[in-house]
Amino acid sequence: MGKVKFAKPLEQIHVQADEQLLGRIFSNIVLNGLQSNKENQVEMEVSALVKDDKCTISFKDNGLGIDLELRDKIFLPHFSTKETGSGLGLAIAKQGIEQMEDHLV
């Protein structure tokens, strides 16, 4: 299917967030990236940047990217370009991030 690597060795980063929600968000993003290209070996890199008491997590893969005409649809529930996809992964990820933003102080 593919492989996931971290940009640099993992170090502890402490954040105030819902651990289960973050786990769901991260797993949906990683799974979506790994399933996006069946022809080639997908590689994904995950990186974390801490600056000014904020943590940014980035996911980057070697896929072809998202077609321009689909970009407005990818976060809609039940939209999928995969034959077996439910179309919920990125919708759940987006909703989870929005919920966390609503609770930031």
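The values are calculated or read from the model by the stated rules, or taken from the named source; none is laboratory data. These numbers were taken from a predicted model, which means no experiment stands behind them. No Cβ is skipped: glycine too gets one built from the backbone with ideal geometry, and neighbour counts run over all protein chains shown. When the accessible area is computed, the model is the full protein with side chains, heavy atoms only, and any ligands, DNA or RNA have been set aside. Shrake-Rupley method; radii C 1.70, N 1.55, O 1.52, S 1.80 Å.
Side notes on the structure shown:
- Contacts under 9 angstrom Cβ, first residue in region 78-103 being open to solvent by less than 80 Å² (accessible area, probe 1.4 Å), partner of a type in the set (Lys, Arg) and not in a loop (DSSP other than H, G, I, E, B), 6 or more apart: Ile92/Arg24; Ala93/Arg24; Gly96/Arg24
- As a summary of the residue check, Cys55 satisfies the conditions (1) touching a Ser or Thr at 6+ places or on another chain (Cβ under 9 Å); (2) under 19 Å from Glu101 (Cα atoms); (3) open to solvent by less than 100 Å² (accessible area, probe 1.4 Å) except for the one numbered (1).
- Every pair of residues 6+ apart whose Cβ atoms lie under 9 Å, when the first sits in region 58-76 and is part of a loop (DSSP other than H, G, I, E, B) while the second is among the acidic types (Asp, Glu): Asn62/Glu43; Asn62/Glu45
- Among the residues listed as Val46, Val50, the single one being surrounded by 10 or more Cβ atoms within 10 Å (Cβ to Cβ), closer than 29 Å to His14 by Cα, within 16 Å of the chain's Cα centre (by Cα) and not aromatic (Phe, Trp, Tyr): Val46
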